[in-house]
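**Student:** Take this structure, written in structure tokens, and hold onto it; I'll ask about it next.
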Amino acid sequence: MNRTWWKEAIVYQIYPRSFKDSNGDGVGDLRGIIEKLDYIKSLGVDAVWLNPIYKSPNDDGGYDISDYYSIQPEFGYMQDFDELLAGLHQRGLKLIMDLVLNHSSDEHPWFEESKKAKDNPYRDYYFWRPGKDGGPPNNWPSFFGGSAWQYDETTDEYYLHLFSRKQPDLNWENPTLRQELYALMKFWLDKGVDGLRLDVISAISKRTDFPDTDTTDFNETIRKYYANGPRLKQFIAEARQTLWRNYDVITVGEGPGITPQNALDYLDEKDGLNMIFHFGHMFMDQGPGGRFDPIPWKLQDFKQVFKTWDDAFKEKGWGSVFLGNHDFPRMVSRWGDDKEYWDKSAKLLITLLLTMRGTPFIFQGDEIGMTNTTLSSINQSHDIETINGWREAQRRGITESEFLVAVNYSGRDNARTPMQWNNENHAGFTSRAPWMELNKNKDSINVASQEHDPHSIMNYFRAMTALRKSHKVLTYGVYLPIETNSEKIFLFFRESEKEKLLIVLNFSAEVIILPDHLIPENALPLVGNYSTSRPASQLRPWEAVVYQCDKI
Ligand code: TEU
Ligand code: CA
């Protein structure tokens with residue numbers, strides 16, 4: 001397997017609006033990130049993935065872009081971006097930009113033209129269709145509730161928006177539009193960015209006959225109707241051949257609906273992406289109704305996802321590993337225990353993330369164990385998915401307190417509360433009223449309180465990034481899960497010709513006695529989340545240990 005920086009990198013995801021405010025307007029900005037470059041470097045990460053920073057009405061957290069060539073005014077100016085990129089590169093850090101090419105904002109000039117008339121030159125930059133039987137052209141639901149079609153009376157037709165009404169889908173069938181997209185990507189690549197995270201790339205090829213979906217299971221509808229369209233491979237290959245191959249840039253495709261069976265179609269060495277984000281584990285606690293229909297998840301299924309996807313990329317291709325991001329609840333609250341075993345389970349999840357095969361992505365704040373927040377009313381939410389979801393829930397007679405239980409478990413606001421830097425006002429995120437309320441635990445969970453504590457989650461994260469760097473087996477070694485039908489423990493080896501590490505994770509609050517033979521006699525513990533020793537075969541609550549095993 002050829003060695004490359006992006007397979008060896010640990011990536012830190014920054015949601016700019018909530019990272020650091022430098023000018024006291026309560027909104028995070030680029031200069032705030034510049035202030036924190038040494039902090040980011042100190043974590044032992046190698047690259048930053050920046051969520052969208054382009055001009056946007058902010059209907060969906062910046063994923064509704066109205067000008068791909070300019071910076072969101074609240075975030076700063078283009079020279080701030082140039083300084084940020086230079087600052088990252090000076091520190092040996094790379095930058096992965098987030099580009100949203102499946103849809104634009106409805107305030108983008110392209111759409112403002114397109115909606116004017118059926119014969120407007122920009123009409124086919126988007127998907128317009130006449131209604132059917134007095135309603136939308138088909139029964140596709142939007143990710144954000146309601147129909148995926150919006151009627152526009154100017155031309156008496158509907159336009160497609162898989163996401164919000166303010167995010168009309170771009171028509172990649174139109175070669176002129178594709179050339180415009182390549183031009184805007186070229187603008188950023190010429191600035192020297194090192195990677196592109198391609199938002200919802202799996203949906204850019206539409207089934208232009210727009211058949212009705214035959215299932216009420218939303219994630220199945222994504223897989224069968226929105227993702228993996230007929231020309232997806234062709235569009236990716238064209239972008240690669242036309243543009244990306246001329247730059248030393250990596251492309252990470254966000255692929256809801258991409259399956260282990262078809263993932264390699266999109267990761268072709270010559271014509272494909274470099275890696276994808278898959279969502280195998282990300283919907284396992286969502287029922288047929290999607291995000292606000294939470295169901296319990298099983299550790300067996302969780303473990304199976306890692307095995308299934310590692311098998312998919314055993315010979316070819318490359319995956320990313322993430323346990324949380326700006327679209328999902330905080331990893332310690334979702335997969336760990338953010339109450340009694342907050343410290344141990346946060347460290348255990350960091351251990352899993354940094355010993356698994358695939359490029360690890362850590363979301364801002366997860367390195368200090370930030371947890372879910374608690375909204376006490378829907379109007380505290382800033383997320384269109386939650387706000388629209390509430391409108392749908394009301395129609396089904398669900399009360400606000402019932403809906404808030406689902407929102408506080410799986411809503412996206414959980415991950416978007418401002419970063420907690422210290423225990424000063426607004427946790428040092430801003431000097432004035434923040435755009436979004438901070439988590440109430442900001443005084444006990446913050447960077448400053450962990451910086452000098454050798455046993456803090458943050459310093460455990462630093463130890464784990466150092467471990468991953470000093471043991472190449474964690475990057476290039478094979479992943480060998482130890483099959484147990486346990487709902488409590490997750491065990492696996494990472495092995496190369498030279499090294500063999502055993503990772504032991506207790507995903508429970510119980511003391512687990514492991515079968516004696518399981519941990520090799522001479523296994524040497526390298527890192528663990530308990531600072532005291534114990535009999536090797538006894539795993540304490542939420543205990544994580546990385547052992548060095550002899551290569552026999
Ligand atoms: O998310 C697309 C996606 O993968 C959805 O499943 C995602 O989980 C979203 O929250 C809907 O449930 C990308 C971005 O990461 C997300 O922030 C945007 O809202 C979305 O695309 C539209 O651009
Ligand atoms: Ca600001």
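**Student:** I'm trying to understand the selection: among the residues of segment 184-221, which are in a loop (DSSP other than H, G, I, E, B) and without any contact (Cβ under 8 Å) to a residue 40 or more places away in the chain?
**Tutor:** The answer is 190, 205, 207, 209, 214, 215.
**Student:** May I pose another question? If you go through segment 136-176, how many residues are part of a strand (DSSP E or B) and over 27 Å from residue 293 (Cα atoms)?
**Tutor:** The qualifying residues number 6.
**Student:** Identify the single condition in (1) farther than 21 Å from residue 10 by Cβ; (2) within 25 Å of the chain's Cα centre (by Cα); (3) of a type in the set (A, V, I, L, M) that residue 448 does not satisfy, given that it satisfies every other one.
**Tutor:** Every condition holds for residue 448 apart from (2).
**Student:** For segment 68-81: of the residues being more than 11 Å from ligand 2 (Cβ to nearest atom) and open to solvent by 50 Å² or more (accessible area, probe 1.4 Å), which is farthest from residue 37 (Cα to Cα)?
**Tutor:** So, considering only residues that are more than 11 Å from ligand 2 (Cβ to nearest atom) and open to solvent by 50 Å² or more (accessible area, probe 1.4 Å), the one farthest from residue 37 (Cα to Cα) is 69.
**Student:** With (1) open to solvent by 80 Å² or more (accessible area, probe 1.4 Å); (2) touching a Cys at 6+ places or on another chain (Cβ under 8 Å) as the list, and residue 521 as the residue in question, which single condition is left unmet?
**Tutor:** (2)
**Student:** State which residue is farthest from residue 501 (Cα to Cα) when the search covers only segment 534-552 and only residues that are assigned to a strand (DSSP E or B) and under 30 Å from the mean Cα position of the chain (by Cα).
**Tutor:** The qualifying residue farthest from residue 501 (Cα to Cα) is 544.
**Student:** Report every pair of residues separated by at least 6 positions or lying on different chains whose Cβ atoms are under 9 Å apart, first residue within segment 528-548 and surrounded by fewer than 17 Cβ atoms within 10 Å (Cβ to Cβ), second part of a loop (DSSP other than H, G, I, E, B) and modelled with pLDDT under 95.
**Tutor:** 537/514; 537/515; 537/519; 538/514
**Student:** If I filter segment 85-99 for residues that are of a type in the set (Asp, Glu), buried (at least 17 other Cβ atoms within 10 Å of the Cβ) and out of contact with any strand residue (DSSP E or B) (no Cβ under 8 Å at 6 or more places or on another chain), do I get at least one hit?
**Tutor:** There is no residue in segment 85-99 that is of a type in the set (Asp, Glu), buried (at least 17 other Cβ atoms within 10 Å of the Cβ) and out of contact with any strand residue (DSSP E or B) (no Cβ under 8 Å at 6 or more places or on another chain).
**Student:** For the list (1) assigned to a loop (DSSP other than H, G, I, E, B); (2) within 16 Å of ligand 1 (Cβ to nearest atom); (3) not acidic (Asp, Glu), I need the number of the one condition that residue 414 fails.
**Tutor:** It is condition (1) that residue 414 fails.
**Student:** OK, next. Give just the number: which of (1) under 25 Å from the mean Cα position of the chain (by Cα); (2) under 19 Å from residue 18 (Cα atoms); (3) away from ligand 1 (no atom under 16 Å from the Cβ) does residue 424 not satisfy?
**Tutor:** That leaves (1) as the condition not met.
**Student:** Next question. Considering only segment 28-63, state which residues are touching a helix residue (DSSP H, G or I) at 6+ places or on another chain (Cβ under 6 Å), within 16 Å of ligand 2 (Cβ to nearest atom) and open to solvent by 10 Å² or more (accessible area, probe 1.4 Å).
**Tutor:** Within segment 28-63, 31, 34 qualify.
**Student:** Right, something else. Consider residue 5 against the criteria (1) modelled with pLDDT of 95 or more; (2) surrounded by fewer than 19 Cβ atoms within 10 Å (Cβ to Cβ): it satisfies all of them except one. Which criterion is unmet?
**Tutor:** (1)
**Student:** Further, regarding this structure: Of the conditions (1) more than 18 Å from the chain's Cα centre (by Cα); (2) closer than 16 Å to residue 464 by Cα, residue 394 fails just one. Which one is it?
**Tutor:** Of everything listed in (1) more than 18 Å from the chain's Cα centre (by Cα); (2) closer than 16 Å to residue 464 by Cα, residue 394 misses just condition (2).
**Student:** When residue 387 is evaluated against the numbered criteria (1) within 16 Å of ligand 1 (Cβ to nearest atom); (2) touching a Ser or Thr at 6+ places or on another chain (Cβ under 8 Å); (3) open to solvent by 40 Å² or more (accessible area, probe 1.4 Å); (4) part of a loop (DSSP other than H, G, I, E, B), which criterion, by number, is the only one it fails?
**Tutor:** Every condition holds for residue 387 apart from (4).
**Student:** Residue under question is residue 498, and the condition is that it be open to solvent by 20 Å² or more (accessible area, probe 1.4 Å) and either under 25 Å from residue 341 (Cα atoms) or under 31 Å from the mean Cα position of the chain (by Cα) (or both); does it hold?
**Tutor:** no
**Student:** Are there any pairs with C-beta distances below 7 angstrom linking a residue in segment 5-31 that is closer than 18 Å to residue 382 by Cα and touching a residue at least 12 places away in the same chain (Cβ under 8 Å) to a residue that is away from ligand 2 (no atom under 14 Å from the Cβ) and of a type in the set (D, E, K, R), with the two at least 6 apart or on different chains, and if so which?
**Tutor:** What qualifies is 15/416; 18/416.
**Student:** Restricting to segment 8-27, and then to whatever is surrounded by 23 or more Cβ atoms within 10 Å (Cβ to Cβ) and among the polar types (S, T, N, Q), can you tell me which residue is nearest to ligand 1 (Cβ to nearest atom)?
**Tutor:** Residue satisfying both the conditions and the ranking: 13.
**Student:** Also, quick follow-up: Just to be sure before I move on: is residue 187 more than 16 Å from ligand 2 (Cβ to nearest atom) and surrounded by 20 or more Cβ atoms within 10 Å (Cβ to Cβ) in the structure I sent?
**Tutor:** For residue 187, the condition - more than 16 Å from ligand 2 (Cβ to nearest atom) and surrounded by 20 or more Cβ atoms within 10 Å (Cβ to Cβ) - is not met.
**Student:** Could you say whether any residue in segment 32-43 is under 16 Å from residue 93 (Cβ atoms) and within 16 Å of ligand 1 (Cβ to nearest atom)?
**Tutor:** Among the residues of segment 32-43, not one is under 16 Å from residue 93 (Cβ atoms) and within 16 Å of ligand 1 (Cβ to nearest atom), which makes the answer no.
The values are calculated or read from the model by the stated rules, or taken from the named source; none is laboratory data. Note that this is a predicted model, so its numbers are computed, not measured. Note: ideal-geometry Cβ built from the backbone for every residue, glycine included; neighbour counts use all protein chains shown. The area values use the complete protein model at the heavy-atom level, side chains included, leaving out ligands, DNA and RNA. Shrake-Rupley method; radii C 1.70, N 1.55, O 1.52, S 1.80 Å.
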